[in-house]
Amino acid sequence: MNIVYIIGNGFDLNIGMKTSNKDFYKYYKSIHSESSLVNKLKKDISSNYETWSDLESGIGNYTEKIESIEDFDELFDNLRDELSNYIKRQEEEFDFTDLYTGDISKSLAYPENFLPIADTNSFGALRSKWNNSNWKIDIITLNYSRSLEKILG
């Protein structure tokens, strides 16, 4: 039997890392840039942030104001580089030793412990059907950080 987990940023948020869009936005607007184009983006985001439910949507809306491919590339490169720096910093500052690897491994091996009762019963029936076969667990991570890798080694 095969089980596939797809892990995203919710994993980091759940273990207490400060990797939400809002966390990154606070960091991003606080760092100085020599680029007037980047500063203009930050100012625009700053003046409209309260109406945005998501930083990505806000930046997407801002693309209408970009006048050239070169300007787009400059903003994209800046955002990518700063997001990368921010995530790397969060990984370095987060204490992964407080997380017990055994609990996470057990959670991955027994997903039925986190399902509603009706689904737990269905999963139990499926598990007993495949009881005598090998189980394979794959994890696909769409996460920007390497938190899962650090936890599981």
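Brief remarks follow.
- The charge dipole of the chain, taken about its Cα centre with unit charges on the Cβ of Lys, Arg, Asp and Glu (plus for the first two, minus for the last two), comes to roughly 660 debye.
- Checking the cross-link pairs LYS29/LYS136; LYS40/LYS150; LYS22/LYS65; LYS22/LYS136; LYS18/LYS129; LYS43/LYS150 against a 32 Å limit on the alpha carbon distance flags LYS29/LYS136; LYS40/LYS150; LYS22/LYS136; LYS18/LYS129; LYS43/LYS150 as lying beyond it.
- In sequence order, region 89-99 has phi-based couplings of 5, 4, 4, 5, 8, 7, 8, 6, 5, 6, 8 Hz under the Karplus curve 6.51 cos²θ - 1.76 cosθ + 1.60, θ = phi - 60°, and Gly or Pro positions carry x.
- Residue-by-residue Karplus 3J(HN,Hα) for region 8-18, coefficients 6.51, -1.76, 1.60, Hz, glycine and proline x: x, 5, x, 4, 4, 4, 5, 8, x, 6, 8
- Region 5-118: C-alpha gyration tensor shape, a/c 1.5 cut-off, then a/b vs b/c: prolate
- Of the residues PHE76, PHE123, PHE94, the one that moves most in a GNM of the chain with alpha-carbon contacts below 10 Å is PHE123.
- Residues whose amide H comes within less than 5 Å of that of ILE137, counting only those at least five positions distant or on another chain, are ILE3 (H built at 1.01 Å from N in the peptide plane).
- For ILE7, the residues whose amide H sits under 5 Å from its own are ILE140, THR141, LEU142, ignoring neighbours fewer than 5 places away on the same chain, with H placed 1.01 Å from N.
- Residue-count net charge about PHE72 - beta-carbon cut-off 14 Å; Lys, Arg +1, Asp, Glu -1: -4
- Each residue of region 110-121 was assigned a 3J(HN,Hα) from its phi angle through the Karplus expression (A = 6.51, B = -1.76, C = 1.60, θ = phi - 60°), giving 10, x, 5, 5, 10, 9, x, 3, 4, 6, 4, 5 Hz with x at Gly and Pro.
Bear in mind these aren't lab numbers, they're just calculated from the coordinates by the rules spelled out. Everything numeric in this text was worked out from a predicted model, so none of it was measured. Quick reminder, even Gly has a Cβ in these numbers, built from the backbone with ideal geometry, and neighbours come from all protein chains shown.
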